[in-house]
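The values are calculated or read from the model by the stated rules, or taken from the named source; none is laboratory data. What you see is a predicted model; the values in this text were computed from it and never measured. With ideal geometry, Cβ positions are generated from the backbone for all residues, glycine too; neighbour counts draw on all protein chains shown. In case anyone asks, the SASA skips ligands and DNA or RNA and just uses the protein heavy atoms, side chains included. Shrake-Rupley method; radii C 1.70, N 1.55, O 1.52, S 1.80 Å.
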Amino acid sequence: MQGSANLNLMIKAARKAGRSLVKDFREVENLQVSSKGPGDFVTRADREAERIIKQELMTGRPTYGWLGEETGETEGADPTRRWIVDPLDGTTNFLHGLPHWAVSIALEHKGEIVSGVIFDAAKDEIYWAEKGTGAWLNESRLRVSGRRAMSDAVFATGIPFAGRGALPATLQDLARLMPACAGVRRWGAAALDLAYVAAGRFEGYWERGIQPWDMAAGIILVREAGGFVSAIREGDDPVQNGSIIAANSALFEDFRKVIRGE
Ligand code: IPD
């Protein structure tokens with residue numbers, strides 16, 4: 001499958017940052033036993049990954065805007081296009097030596113996500129999608145799962161931590177959803193939760209209080225794999241609203257009803 005020049009640039013940047021993070025991750029695994037832990041080291045690894053991505057993308061497309069988790073927002077000379085980047089999604093997993101984290105890069109055009117790349121460097125899995133050309137994992141085409149019954153479905157979520165405000169609503173979501181489905185997973189990397197919906201591994205995913213860089217690339221992956229994505233509140237855009245619900249086409253409405261408490 002041949003991608004566009006932009007997609008190839010995104011893949012190159014994601015792989016380069018991923019290589020740097022894999023090297024740092026080996027060190028983090030060793031640092032678990034030290035009394036100070038790997039906190040500062042991980043902060044540096046995260047910033048270095050964003051520096052690598054920014055250099056690749058902004059050298060290749062100097063007029064585009066930028067929104068990155070570590071370096072914030074910069075408007076570009078071309079106000080219609082911006083990169084949305086999380087250099088290390090799943091930071092807590094990385095910090096604890098858990099091999100479930102990813103680089104996430106999206107391109108937005110006129111307010112719509114048009115391409116996305118998510119690189120799970122520890123497992124060497126690269127997910128990518130462009131509007132109208134499907135979603136892919138390495139060289140294989142992705143489709144959302146075909147399960148049609150809530151009772152067979154496994155869903156993923158993020159549970160707010162460290163006093164984040166969305167915790168009570170998420171606990172209510174769980175109380176409604178858990179009796180109706182086959183299981184809920186909290187694996188700690190939103191980009192991979194969405195990639196797994198695209199890959200048919202999870203039937204759906206939702207999260208409240210989430211940032212644009214955590215979800216941007218995953219949104220186009222799910223849509224191009226045949227799934228649906230929206231904000232939890234009717235009519236809102238997930239990237240603007242900070243909540244997201246995504247699922248295969250068969251279960252999207254039932255799942256959304258449960259999460260909205262309808
Ligand atoms: C976090 C992860 C986590 C999600 C949080 C995010 P980070 O991103 O994606 O799964 O529940 O909402 O903030 O901080 O590791 O980039």
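Side notes on the structure shown:
- Shape category assigned to segment 101-147 from the gyration tensor of Cα positions, a/c cut at 1.5: oblate
- On the beta carbon distance between residue 112 and residue 260, with R0 = 25 Å, the FRET formula returns roughly 0.55.
- For residue 51, solvent-accessible area (1.4 Å; no DNA, RNA or ligand), Å²: 120 Å²
- By a 1.4 Å probe calculation restricted to protein chains, residue 154 has an accessible surface near 30 Å², given to the nearest 10.
- Cα centre as origin, Lys/Arg/Asp/Glu Cβ charges: the chain dipole, Debye: 320 debye
- In the chain, the DSSP-assigned H stretches of four residues or longer account for a calculated mean residue ellipticity at 222 nm of -12000 deg cm²/dmol, using -39500 (n - 2.57) per stretch and the full residue count as denominator.
- For the chain, the Stokes-Einstein estimate of translational diffusion at 4 °C and a viscosity of 1.567 mPa s comes to 70 µm²/s, using the Kirkwood hydrodynamic radius over alpha-carbon pairs.
- Sparsely packed loop sites in segment 152-240 (the GluC sites (Glu not before Pro) outside DSSP H, G, I, E and B with at most 15 other Cβ atoms within 10 Å) comprise 234.
- Alpha carbon centroid spacing (whole Å) that separates segment 194-221 from segment 122-149: 12 Å
- Dipole of the chain [Lys/Arg +1, Asp/Glu -1 at C-beta], most positive-end residue of 88, 252, 76: 252
- For the pair residue 253 and residue 5, a Förster radius of 35 Å applied to the C-beta separation gives a FRET efficiency near 0.40, rounded to the nearest 0.05.
- In segment 21-129, GluC sites (Glu not before Pro) in a DSSP loop with at most 12 other beta-carbon atoms within 10 Å: 75
- Per DSSP, loop chymotrypsin sites (Phe, Trp or Tyr not before Pro) in segment 93-163 with at most 12 further Cβ within 10 Å: 161
- Simple label model, 7 Å out from Cα along Cβ direction - residue 171 to residue 43, nm: 3.0 nm
- Taking the accessible area of segment 64-212, probe 1.4 Å, and keeping the other protein chains in place, the carbon and sulfur fraction comes to 51%.
- Listed pairs 12/54; 12/36; 16/110 exceeding 23 Å between Cα atoms: 12/36; 16/110
- Label-to-label distance, residue 32 versus residue 125, with points set 7 angstrom from Cα along the beta-carbon direction: 2.0 nm.
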